[in-house]
Amino acid sequence: MDNYKHPIDEYFREALKDYEPVPSDRSRDAFLESAGRSIKRSRIRRNRWFLAAFLLLAGAGSLSTWLMFNENHDAPRVTVSTLTPSPLPSPNFTPSKQNGKAETGPELVITESARPEIPTLISFNASPASDSATSLQTFTSGLPEEPSMPDHRMDETTLPEYRAEPSLEPPDEAAKPPYRVEQDGTETERGPDKSASILLSRNGASVTVGVSYTPEWMFNTLEGDNFAHNAALEGTFRFGRYSIRTGAGVSVTKGTHEVAIRYNDYIGSYKALDSITFAWNPEHTQLIPTLYLTNQDVFDSLILQEEHAVVRRYTYLQVPLILGYDFISRPRFTLGVRTGPVLSILLGSRQLSANYDPGKDKIIMVNQITPDRIQMNWQVMGGINFSYLCSRRWGLELEPEARYYFNSVYEPSDITQKPWSIGIRAAVNFNFSIKK
Amino acid sequence: MKREKEMTEGVLSRRNDAMKVLYDRYAASLLGLCCRYCTFREDAEDVLHEGFIKILEHLDGFRSEHDGALLAWMKRIMVNTALNHLRDRQRSEFHAITFASGANQEYEEEPDLFGPILTSISQEVLLKMITSLPVGYRTVFNLYVFEEFTHKEIAAVLHCSENTSKSQLSKARALLRNKIQRVLQTEKAITHGQLQTSDR
């Protein structure tokens, strides 16, 4: 500012420096109302960031948990088949290991066969041997034609149904806090909370839709403890403190299916002589034999048994019907109980681990240890629901819950072991309608 | 400063009681500022309302360094709001001043012929004098006298030249001086008339 102080300037400055007219009540009320709306907008804006962060964390947590527990073994679908040897050699021959010393016959020039499957010559013990006959008998008895081995990749009918979770209960839409419509003049710090424009009346009704995620830990199963991922799209109808929640969800869990495999241990192989042909040499002085050999595997007569577990992923469709009651109801949050039945339907399964690899052993029989899983089962759930209303439309829920299965998840009905589980459901809800 | 800081934090926390305190404490002072820029009281209250909303929206960016910093900051916002209001309502508020000899002629301050004012005039009358000025004169006068802007700053804010700002200010002073003289003459005439009346 210029240094020169004009007297008019000084006069007006001094005269009006303390001029403070009182604003009208209308102006004051208008400002406070606008400030309230501004509060609401900023809170909604802030809650949207909170909501976005929550969704991001929930998605990241689910993905990381999924990846952590998803043991995809990329098992090749290999069908186990019995090794079927070619026709048995004569009992007069004793099979021996390869590279045995060949016994030459009289004036025989032994050459390799032209057949590619008989690359080398083996020595033969021309004298019949009883022990060889015994061993051959073993071979004979132990080498069935080609027993039809069941596919080691246990199909769904063989593997036990391990129903780990089906807790795809729709989030408690009804747990959304019923906001009291209060029009009293007192305003709390969260004035918009009591505003009738965003709060539900306790006596009003509303419909909300939301998505939920529930990690679930199962106990008392044939396969031991298990973990499941549940996600659902749910709708809740609220009327006052009561609510009804239903929807559809997907539950994914992993289970192991154990089988007992009986087999004969592989000992070794030898080349069995199939046939011999003779031909004169050009000078007609010698007979040149040609041997045709085939590879023969030798298995132990002792039947061994081995247990093998295959990991499978099961996918269920869950349809819940949850009833709720809020015994604590505040403008922003509610606390209540939820209970109801849940129906689980097996949609499919997929093998994750590799098939049993018998190597060169010969499979005799495959017996199923773990029962198959049933297609449908019922559970009952109970939980404590806590919900928080972020804005007029959006709300969050947290619900620790427990489930009990009415029937085992496995096929045979004589299995009395009924699983139970605990989980924590987290949901995000959108309020569609508000009716007072 | 502690109370000011607590109030600011309360407003940032979006507490209604803190907002009421903020409004009740500063609204009168800021309304006085708005009244100097606007012709009518209603316009001044509209500017006050709009300015307060802006204050709420930008309060999180304010850092209180000393006492009175909040009021000064709020006044700045209110001035800008008032100027925007005037721009929206009147496009041609500044009267271009063309000099007879060249545009870069230095404007000379007129000599001080006013002299001290012996008679006090009420604030409402003085405010009326200011609001009765043309918009351009009034705006420059307010920015220069009350907001203590330099002519260079006024020129930057109002998008005019410094000479224009100076001439506007000079004309404003001239008009105000005339108004004050008329008021003084009127008061003198009334006083003299009363004495004459009482003498009879």
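Derivation of every value follows stated rules applied to the coordinates shown; laboratory data play no part. What you see is a predicted model; the values in this text were computed from it and never measured. Ideal geometry is used to build each Cβ from the backbone, glycine not excepted, and the neighbour counts take in all protein chains shown.
A few remarks follow.
- Here the peptides B:22-31, A:258-267 are ranked by packing, the mean other Cβ count within 10 Å, and the order with the highest first is B:22-31, A:258-267.
- Separation in nanometres of the label points that stand 7 Å from Cα toward Cβ, at A:Thr339 and A:Gln368: 3.6
- Nearest-0.05 FRET efficiency for B:Asp88 and B:Lys5, computed from C-beta distance (R0 35 Å): 0.50
- Convex hull per residue volume in Å³, alpha carbons only, for region B:139-183: 54
- Greater than 31 Å apart at Cα, pairs in B:Lys152/B:Lys188; B:Lys5/B:Lys128; B:Lys5/B:Lys152; B:Lys75/B:Lys188; B:Lys128/B:Lys166: B:Lys152/B:Lys188; B:Lys5/B:Lys128; B:Lys5/B:Lys152; B:Lys75/B:Lys188
- Extended-chain gain in nm, criterion 0.36 nm per residue less alpha-carbon gap, A:Ile276 and A:Leu302: 6.0 nm
- Using only the C-alpha atoms, the convex hull of region A:305-436 corresponds to 147 Å³ per residue.
- Share of pairwise Cα-Cα distances greater than 16 Å in region A:211-285 is 77 percent (whole percent).
- Cβ neighbours within 10 Å from other chains - mean over B:17-25: 3
- Label-to-label distance, nm, for residues given as B:Phe40 and A:Gln375 (7 Å Cα→Cβ offset): 7.9
- Average other protein chain Cβ within 10 Å of Cβ, residues A:29-37: 5
- Distance between the modelled labels on B:Ser13 and B:Ile190, one decimal in nanometres: 5.2 nm (7 Å Cα→Cβ projection).
- Peptide B:135-144 is shielded by partner chain Cβ atoms: per residue, an average of 1 of them sit within 10 Å of its Cβ.
- In region B:122-186, the GluC sites (Glu not before Pro) that fall in loop regions by DSSP, at most 13 other Cβ within 10 Å: B:Glu148
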